[in-house]
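Input: a single structure, listed below in structure tokens.
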């Protein structure tokens, strides 16, 4: 509680938003926009509003996660990850509930412009994304507590985020958009994989049944490496099947960082894995940027 004295309210809300994870909201919009540019069908305003909505939905999901992990007793003094504002007494549950309502409402209101531009499909994607953000840790069947957190991240931050952004500009879903969404979803999911790998003992004690808890550490390591491999293999598939230049392989420049992540996951323990978590988020962003440049160029 003493920490709350030295941290202002604005700093507490910034901490609750988990700014280091917000790159995960940027990458799918960036890659989806790059695909639209490559098809000569791009409107900057649409992508900017989509980016704002994506960030708001992630912040709302983070707030909801913080609240319900606190209410369910998952955030304990044994926690190895970054400080959580409710368990630290920096923000009250009632304040967080109000913030969740405000953030998701803003995402919906800004999203109405996208609905006006691209139609009811975007409305469905937006509403389902908000509901899923709530269902991640809230409700009668919280996804994160029942082994579906990884699937949630892959679908909503990968497939829906990337293909949905592409749909905004071209009003269609294509196999190209789906394939390009796979490395986005895989690498963003890996951020959660590291998080759950770090917290596996605490989650098991608090009955938070993540995929890592269900299937164990060896599987979690395999899952992480497999996601990296698939992300690179997609580059070769796009080059072979579609008319991309050799620059589609720009993300291969990140291979040394991929190796470092694997080495860290296999050797680090406890709070040390926070470094791996941060690197995984930065890696996903750099891969996404190089991937987007490769698509455009």
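The values are calculated or read from the model by the stated rules, or taken from the named source; none is laboratory data. It should be emphasised that the depicted structure is a prediction, and the values quoted were computed from it without experimental measurement. Note: ideal-geometry Cβ built from the backbone for every residue, glycine included; neighbour counts use all protein chains shown.
Observations, loosely collected:
- The one condition in (1) modelled with pLDDT of 90 or more; (2) surrounded by 13 or more Cβ atoms within 10 Å (Cβ to Cβ) that residue 98 fails to fulfil: (2)
Residues are listed down the side, and each one gets a yes or a no for (1) touching a helix residue (DSSP H, G or I) at 6+ places or on another chain (Cβ under 8 Å); (2) at pLDDT below 95; (3) in a loop (DSSP other than H, G, I, E, B):
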{"residue": "191", "(1), (2), (3)": "yes, yes, no"}
{"residue": "207", "(1), (2), (3)": "yes, yes, yes"}
{"residue": "212", "(1), (2), (3)": "yes, yes, no"}
{"residue": "231", "(1), (2), (3)": "yes, no, no"}
{"residue": "278", "(1), (2), (3)": "yes, yes, no"}
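- Under the condition of being touching a residue at least 12 places away in the same chain (Cβ under 8 Å) and part of a loop (DSSP other than H, G, I, E, B), the residues counted in the stretch 169-189 number 1.
- Checked against (1) surrounded by 21 or more Cβ atoms within 10 Å (Cβ to Cβ); (2) within 23 Å of residue 244 (Cα to Cα); (3) out of contact with any helix residue (DSSP H, G or I) (no Cβ under 7 Å at 6 or more places or on another chain), residue 199 meets all criteria but (2).
- Verdict on residue 43 being surrounded by fewer than 18 Cβ atoms within 10 Å (Cβ to Cβ) and touching a residue at least 12 places away in the same chain (Cβ under 8 Å): yes
- Whichever residue in the stretch 130-140 is more than 13 Å from the chain's Cα centre (by Cα) and under 17 Å from residue 206 (Cβ atoms) and, among such residues, is surrounded by the most Cβ atoms within 10 Å (Cβ to Cβ): 137
- Each residue in the stretch 135-168 was checked for being outside any helix (DSSP H, G or I) and closer than 25 Å to residue 226 by Cβ, and 4 of them qualify.
- Which listed residue, of 84, 18, is at positive phi, under 20 Å from the mean Cα position of the chain (by Cα) and either surrounded by 17 or more Cβ atoms within 10 Å (Cβ to Cβ) or modelled with pLDDT under 90 (or both): 18
- Taken over the stretch 238-260, the criterion of being under 17 Å from residue 31 (Cα atoms) and either under 19 Å from the mean Cα position of the chain (by Cα) or surrounded by 13 or more Cβ atoms within 10 Å (Cβ to Cβ) (or both) is satisfied by 238, 239, 242, 244, 247, 248, 249, 250, 251, 252, 254.
- When 63, 104 are checked against the criterion of being assigned to a helix (DSSP H, G or I), modelled with pLDDT of 85 or more and farther than 18 Å from residue 191 by Cα, a single residue qualifies: 104.
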